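Okay, structure first, notes after.
The values are calculated or read from the model by the stated rules, or taken from the named source; none is laboratory data. Source: prediction; values computed, not measured. Every residue, glycine among them, receives a Cβ derived from its backbone with ideal geometry; neighbour counts consider all protein chains shown.
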Amino acid sequence: MEQPLVSCVEILEQLTPVLPAVLNAYRVPEPRAREIVDDACRTLLAKRRLRYQDPEGWLLRTIIESCRKEAEEDPELRLESGSGTA
């Protein structure tokens, strides 16, 4: 069932407390972090997922997955916990 339309800005505002911790945990440089968030937002809008299910969860999972891929591709980016796959 469709939910009321929520803007990407509203979703990002809801994720603001969490995003810095995620991006810092993967040690993603700020310029790349902005690209990751921008790409995820564009995909969210393009796929029209704003009306369905859990857009906040989808966006956060997408950003985390992008950070994980970034860390796998760059051996210098690792989780602070040391559990990175790099």
Residues of the range 28-48 classified as buried (at least 18 other Cβ atoms within 10 Å of the Cβ) and over 12 Å from the mean Cα position of the chain (by Cα), total
0
I'd like to verify a number: residues in the range 17-68 that are in a helix (DSSP H, G or I), within 21 Å of Val6 (Cβ to Cβ) and among the aliphatic types (A, V, I, L, M), how many?
13
Being modelled with pLDDT of 70 or more and either exposed (fewer than 15 other Cβ atoms within 10 Å of the Cβ) or among the basic types (Lys, Arg) (or both), is that true of even one residue in the range 72-79?
yes
